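To start, the structure under review is shown below, and the notes come after it.
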Amino acid sequence: MSEINKILEPLQRFGVHLGLTRIKTLLTNLGNPHLAVPIVHVTGTNGKGSVCAYLSAVLTEAGYRVGRYTSPHLVDWTERICLNEQPISTTRLIEVLQTTIQGITPDTDTPTQFEVITAAAWLYFAQEKVDIAVIEVGLGGRLDATNVCDRPLASIITSISREHWQQLGSTLAAIATEKAGIFKPGCPAIIGQLPPEAAAVVKSRLLELDCPSVWVEKAKPLESAPSWAMYQDISYPLPLKGDIQLVNSAIAIATLQILQQQGFNLTTSQIQAGMAKTRWLGRIQWVDWHNYRLLIDGAHNCAAAVVLRDYVDTLKTPITWVIGMLSTKDHQEVFRALLRPGDQLYLVPVRDHSTAAPETLQQLGLAICPQLRDCRTFGDLFDALAESLPQTERLTVLCGSLYLVGYFLSVSTCNR
């Protein structure tokens, strides 16, 4: 077990426990480092990570000292906390975690694992005197541990669909209420394309708080330049795959325009160069494994599955899905979004997590799409890949869980 896991694993028993009291107490004990960090705060059901990646890459390209905090990690805890696109070193993360844990007083409610790593990120960014930090919400928004800054430079909602209903509520309106909880009085807000029920809630909250807002339209692909897009009068390269990136990239550009109005010096050439350098692992990503080409993507909820299916449809290739999902996910809706007659479905467990049983998923997959060409279960991800990848007339797509994608990446990295 790594030293970081030894530090953080005892805190796992506190699970998901939304609320701001514990994180505020901990940050107070650490000297309120978050108050020294100007931030862009990003929430949404999908697209958060991509938007954070775009913003961080462009601001770094422009010469700013940029923090980025995202979750979950795919391979290593250090991925969550980055400075100028580089993950924090293992040694430094251990140091800030140890300092953070020393700030926990024994007579108070013990912070959760996520609250501790979040506080450690604030501490690191303050120590490094960042010019700006791009902060991704962990879950929801209103009661998320990242929601402790009173004056964000900008607050973003990328998208809203039904996910984490166990904690956020069963309706889009309830989920929108939680996500709109990151807005602060008078602070600019940037909003992506929302369902009407969610948009109504968000508009009401913006009006109540007198927040200037930008509702982002989808960028337009440039016919004259493949893999380029244009939002308003800015054209830029689009390295991340999928039609959804026309929305995510436009949200990032709109946010950068807000930052320009606030005094950030961002030239068009810097925006273009930064967008070109953007990378975001595990989201519609092509990888090589044992001389075979495959596509990997988290696709851990219905909205993300729709995006993945739309991209796969453009490839016009028979598909073998290699899928594992957590027990808490909406398996039926993910399958409805992904599966088509003639597809093959190989089901695997998600290692070291609360996995849905592959046999249960097999029954569900066949019920939803009886015309599958093949549907079977495997005891391990790599057994399924060994069966699917040699079928070179079909494309193998690994998806269903970011934890499953992270497991693949961790093993593939070790075998390079």
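Of note:
- Among the residues of the range 47-80, just one is hydrophobic (A, V, I, L, M, F, W, C), under 11 Å from the mean Cα position of the chain (by Cα) and in a loop (DSSP other than H, G, I, E, B), namely LEU74.
- Checking each residue in the range 84-114 for being of a type in the set (Asp, Glu) and not in a loop (DSSP other than H, G, I, E, B) picks out only GLU95.
- Within the set ALA57, ALA62, the sole residue that is buried (at least 23 other Cβ atoms within 10 Å of the Cβ), among the small types (Gly, Ala, Ser), at pLDDT 95 or above and under 28 Å from TRP215 (Cα atoms) turns out to be ALA57.
- When residues of the range 308-333 are limited to those that are of a type in the set (S, T, N, Q) and surrounded by fewer than 22 Cβ atoms within 10 Å (Cβ to Cβ), the one modelled with the lowest pLDDT: THR328
- Residue count for the range 115-132, restricted to those that are assigned to a loop (DSSP other than H, G, I, E, B), surrounded by fewer than 22 Cβ atoms within 10 Å (Cβ to Cβ) and on the phi < 0 side of the Ramachandran plot: 2
- Any chance ILE135 is within 19 Å of GLN98 (Cβ to Cβ), aliphatic (A, V, I, L, M) and either within 19 Å of the chain's Cα centre (by Cα) or surrounded by fewer than 24 Cβ atoms within 10 Å (Cβ to Cβ) (or both): no
Listed here are the residues, each with its yes/no results for (1) at pLDDT 95 or above; (2) part of a helix (DSSP H, G or I).
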| site | (1), (2) |
| --- | --- |
| LEU256 | yes, yes |
| TRP286 | yes, no |
| HIS300 | no, no |
| PHE335 | yes, yes |
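- Within the range 304-318, residues that are closer than 18 Å to ARG162 by Cβ and in the same structural domain as ASP343 (by TED's automatic domain parsing) reach partners that are outside any helix (DSSP H, G or I) and of a type in the set (Gly, Ala, Ser) with beta carbons closer than 6 Å, at six or more positions or on different chains, in the pairs ALA305/ALA299; VAL307/GLY242; LEU308/ALA299.
- Residue match in the range 187-203 (condition: of a type in the set (D, E, K, R), surrounded by fewer than 17 Cβ atoms within 10 Å (Cβ to Cβ), part of a helix (DSSP H, G or I) and assigned by TED's automatic domain parsing to the domain that holds ASP233): yes
- The C-beta contact set for the range 346-368 (first residue within 19 Å of GLU387 (Cβ to Cβ), second residue basic (Lys, Arg), distance under 9 angstrom, 6+ apart or interchain) comprises TYR346/ARG376; LEU347/ARG376; PRO358/ARG376; GLN362/ARG376.
- Qualifying residue in the range 380-398 (condition: surrounded by fewer than 16 Cβ atoms within 10 Å (Cβ to Cβ), within 20 Å of the chain's Cα centre (by Cα) and in the same structural domain as LEU295 (by TED's automatic domain parsing)): no
- Qualifying residue in the range 52-68 (condition: farther than 23 Å from ILE190 by Cβ and of a type in the set (A, V, I, L, M, F, W, C)): no
- Hey, GLU136 within 19 Å of ASN32 (Cβ to Cβ), at pLDDT 95 or above and acidic (Asp, Glu) or not: no
- Filtering ASP210, ASP243 for residues that are surrounded by fewer than 17 Cβ atoms within 10 Å (Cβ to Cβ), among the charged types (D, E, K, R) and modelled with pLDDT under 95 leaves a single hit, ASP243.
- ILE101 being more than 16 Å from the chain's Cα centre (by Cα), surrounded by 16 or more Cβ atoms within 10 Å (Cβ to Cβ) and farther than 22 Å from LEU281 by Cα: yes
- Answer residue from the range 139-148, given it is more than 18 Å from ALA174 (Cβ to Cβ) and buried (at least 23 other Cβ atoms within 10 Å of the Cβ) and is nearest to the chain's Cα centre (by Cα) among those: THR146
- Verdict on VAL411 being crowded, with 18+ Cβ neighbours inside 10 Å, of a type outside the set (Ser, Thr, Tyr) and either outside any loop (DSSP other than H, G, I, E, B) or in contact (Cβ under 8 Å) with a residue 12 or more places away in the chain (or both): no
- Scanning the range 353-370 for residues that are over 12 Å from SER401 (Cα atoms) and not in a helix (DSSP H, G or I) gives ALA357, CYS369, PRO370.
- Residue within the range 285-299 that is free of Cβ contacts under 8 Å to residues at least 60 places away in the same chain, closer than 30 Å to ALA62 by Cα and not small (Gly, Ala, Ser) present: yes
- Looking across LEU93, LEU74, LEU97, one residue alone is under 24 Å from GLY406 (Cβ atoms) and in contact with a Gly (Cβ under 7 Å, 6 or more places away or on another chain). It is LEU74.
- Close pairs from the range 7-33: first of a type in the set (Phe, Trp, Tyr) and crowded, with 16+ Cβ neighbours inside 10 Å, partner at pLDDT below 95 and assigned to a loop (DSSP other than H, G, I, E, B), Cβ under 8 Å, at least 6 apart: PHE14/THR110; PHE14/PRO111; PHE14/THR112
The values are calculated or read from the model by the stated rules, or taken from the named source; none is laboratory data. Predicted, not measured: the structure shown is a model, and the values here were computed from it. Neighbour counts run over all protein chains shown; Cβ positions are idealised from the backbone, glycine included.
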